[in-house]
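Asker: Have a look at this one.
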Amino acid sequence: MYRHFGEVDAAETSPLYARVAIALSESGEVLRAIEAAPARKRHPTVVLAALHDLALAGRAPALAAAYAAADGDAAADAAIDTLLRMTDSVVAIAVRRKTRANETGRCAVLYPAIAEAARRAGANAVGLIDVGCSAGLNLNVDRVGITYSSGQSLGDPSSPVQLSSSVVGARPIPARAMPEVVGRVGVDLDPVDVTDADDARWLRACLWPDQPERIARLEAEMALAATAPPLLLRGDAVEVLPDAFAHVPTGALPVVTTTWALSRFPLESRLRFLNRLDEAATGRAVAWVSVEGVGVGPAIPTLGDRRASGHSIIGLALFEQSALRAEAIGRCWSRGRLLSWLAVS
């Protein structure tokens, strides 16, 4: 697994991690140390993030220096030494944490979908509820700037966070602006608070050290989120959603967003999630914007696409007085870096 990660997964995007992973794969002592972690916590992305966390915390200075210098050989030696000397610490971090892919690139998909939901509901204000919550970064969707390859722009052109996305297909991205956001709530089993030093360090640790552009963007995203921290609710989404809805002011459209979050739920929980949305719509309209793999979002059409097809479906469901209107409004690839808009607005 570690050799495959080094030779295939990281080979083109992170020469540093490719070298480290291959070195780890060649040490029987290291592999035995990794086996101290539960099976589901032995993946290279988890162990490498735990090692990176120790380096960022100042607990593995040689590894930190090698990463800063982008020295693959030195990093490989330091990673082996750190893992063998601090096995218990690496395992403890791996067990306590889960890897995060938090960058707001997915906002390029969410922004036009949320704006479309507000248009269909006739809403002048929205309250955002993000399930899986990406450390709350998705909740700043209206505060980032987005440029599409078609020449269109959405969001805040003066924002310190600027994103780009390529558009394929003949239908343009709607130029409609999102209405005012009057509530921001994140729901997660283990929410990450960007204002907490340990949580923020873990987000940095999940990035690969030799990808400076991603690191700089994450820093800008966390700084933006810290200026207006969202409300973070800890717990199972199905159980916590009623509390989340209660934090959306009356008169605003609650918009629940899920981005590659529901695949972690068994089918029964996904159906209960859908029921929660329906229950919340007894007194007002509720919208759900989903970006999930083909067939993952219940009630969202699949457009005849095959599961595991390599792309995701952008879904929009509107619940009004127990009536559900669900539509697939687009497709996207590479976590929102490539987008095809399908809805007629």
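Rule-based calculations on the coordinates, nothing more; no lab input. A quick note: this is a predicted structure, and the numbers were derived from the prediction, not measured. Methodologically, a virtual Cβ is constructed for each residue, glycine included, from the backbone with ideal geometry; neighbour enumeration extends over all protein chains shown.
Asker: What residue among GLY127, GLY251, GLY330 shows peak mean-square fluctuation when the chain is described by a Gaussian network model with Cα springs under 10 Å?
Answerer: For the chain, modelled as a Gaussian network with Cα springs under 10 Å, the answer is GLY251.
Asker: Which of the trypsin sites (Lys or Arg not before Pro) found in the stretch 223-308 are loop residues per DSSP with 10 or fewer other Cβ atoms within 10 Å of their Cβ?
Answerer: Sparse-neighbourhood loop trypsin sites (Lys or Arg not before Pro): ARG306, ARG307.
Asker: Once the Cα atoms of helix 72-85 and of the chain are each reduced to a long axis, what angle between those two axes, in degrees from 0 to 90 to the nearest 10, is obtained?
Answerer: With rounding to tens, the tilt is 90 degrees.
Asker: Scan around ARG184 for amide H atoms under 5 Å from its own, H built in the peptide plane at 1.01 Å from N, and keep only partners 5 or more places away or cross-chain.
Answerer: It is LEU128, LEU231, by chain and number.
Asker: Starting from the 7 Å offset along Cα-to-Cβ, what nm value, one decimal, do you get for the label separation of LEU189 and ALA125?
Answerer: 3.5
Asker: Placing +1 on the Cβ of each Lys and Arg and -1 on the Cβ of each Asp and Glu in the stretch 263-345, which of PRO298, LEU267, SER309 has its Cα farthest towards the positive end of the resulting dipole?
Answerer: Positive-most Cα among the choices belongs to SER309.
Asker: Let me ask another. Does anything in the stretch 231-267 have its amide N under 13 Å from the 7 Å Cα→Cβ label point of GLU279, and if so which residues?
Answerer: Once the point is set 7 Å along Cα→Cβ of GLU279, 237-246 turn out to lie under 13 Å by backbone N, inside the stretch 231-267.
Asker: Work from the charge dipole of the stretch 2-96 (Cβ charges, +1 for Lys and Arg, -1 for Asp and Glu, about the Cα centre) and give the residue of VAL30, VAL95, TYR67 farthest towards its positive end.
Answerer: VAL95
Asker: So what is the calculated 222 nm ellipticity per residue for the chain, using -39500 (n - 2.57) for each DSSP H run with n of 4 or more, over all residues, to the nearest 500 deg cm²/dmol?
Answerer: -11000 deg cm²/dmol
Asker: In addition: For labels at ALA65 and ALA246 in the simple 7 Å Cα→Cβ model, what's the distance in nm?
Answerer: About 5.4 nm, to one decimal.
Asker: Projecting each Cα onto the charge dipole of the stretch 36-117 (Lys/Arg +1, Asp/Glu -1 at the beta carbon, about the Cα centre), which of HIS43, ALA55, ALA79 comes out farthest on the positive side?
Answerer: HIS43
Asker: Another one. Which of the three applies to the stretch 267-331, rounded, prolate or oblate, going by the alpha-carbon gyration tensor with a ≥ b ≥ c and a/c under 1.5 meaning rounded?
Answerer: Verdict is prolate for the stretch 267-331.
Asker: Moving on to the next point. Dipole of the stretch 1-83, Cα-centred, from +1 at each Lys and Arg C-beta and -1 at each Asp and Glu C-beta, to the nearest 20 debye?
Answerer: Once rounded to the nearest 20, the dipole reads 360 debye.
Asker: Normalised radius of gyration for the stretch 2-96, please: alpha carbon Rg relative to 2.2 N^0.38 Å, two decimal places.
Answerer: Cα-based Rg divided by the globular estimate yields 0.95.
Asker: Once fully extended, how much extra length lies between ASP196 and GLN162, figured as 0.36 nm per residue of separation less the alpha-carbon to alpha-carbon distance?
Answerer: Separation in residues times 0.36 nm, less the Cα-Cα distance, equals 9.8 nm.
Asker: With a cut-off of 15 Å, note down the residues of the stretch 24-42 whose backbone N falls inside the zone around a label point 7 Å from the Cα of ASP88 toward its beta carbon.
Answerer: Residues 36-37 fall inside that zone.
Asker: I'd like the Karplus ³J(HN,Hα) series for the stretch 295-306: coefficients 6.51, -1.76, 1.60, θ = phi - 60°, whole numbers in Hz, and an x wherever there's a Gly or Pro.
Answerer: Result, ordered by residue: x, 7, x, x, 6, 8, x, 9, 6, x, 6, 8 Hz.
Asker: What is the Cα centroid distance between the stretch 110-162 and the stretch 325-345, reported in whole angstrom?
Answerer: Centre-to-centre distance over Cα atoms comes out at 14 Å.
Asker: So how strong a dipole does the chain carry about its Cα centre when Lys and Arg Cβ are +1 and Asp and Glu Cβ are -1, to the nearest 20 debye?
Answerer: With only Lys, Arg, Asp and Glu charged at Cβ, the dipole is about 760 debye.
Asker: Convert each backbone phi in the stretch 47-60 into a coupling constant with the Karplus relation 6.51 cos²θ - 1.76 cosθ + 1.60 (shift: θ = phi - 60°), then list the ³J(HN,Hα) values in order as whole Hz, x for Gly and Pro.
Answerer: Values per residue, Gly and Pro as x: 5, 5, 5, 5, 4, 4, 4, 5, 5, 5, 7, x, 8, 9 Hz.
Asker: Still on this structure, please answer the following. At 0.36 nm per residue, and after removing the present C-alpha to C-alpha distance, how many nm does the segment from VAL344 to ALA308 gain when stretched out fully?
Answerer: This chain segment gains 10.3 nm when fully extended.
Asker: Working from Cα positions, state the angle (0 to 90°, nearest 10) between the long axis of helix 267-280 and the longest principal axis of the chain.
Answerer: Once rounded, one gets 40 degrees.
Asker: When the Cα centres of the stretch 167-187 and the stretch 224-293 are compared, how far apart do they sit, in Å?
Answerer: Between the Cα centre of the stretch 167-187 and that of the stretch 224-293, the gap is 17 Å.
Asker: For the stretch 12-33, list residues with backbone N below 20 Å from a point placed 7 Å from the Cα of ARG96 toward its Cβ?
Answerer: none
Asker: Looking at the P(r) of the chain, how many percent of alpha-carbon pairs lie beyond 37 Å?
Answerer: In whole percent, the share of Cα-Cα pairs in the chain beyond 37 Å is 21.
Asker: Just to verify a number: FRET efficiency for ALA226 and LEU271, C-beta to C-beta distance, R0 = 35 Å, to 0.05?
Answerer: The calculated FRET efficiency here is 0.45.
Asker: Answer rounded, prolate or oblate for the stretch 203-345, using the Cα gyration tensor with square roots of eigenvalues a ≥ b ≥ c: rounded when a/c is under 1.5, else prolate when a/b is larger than b/c, else oblate.
Answerer: Oblate is the answer for the stretch 203-345, as a/c is 1.5 or above yet b/c matches or exceeds a/b.
Asker: Anyone know which of GLU221, GLU292, GLU279 comes out most mobile in the 10 Å Cα GNM of the chain?
Answerer: Of GLU221, GLU292, GLU279, the Gaussian network model singles out GLU279 as fluctuating most.
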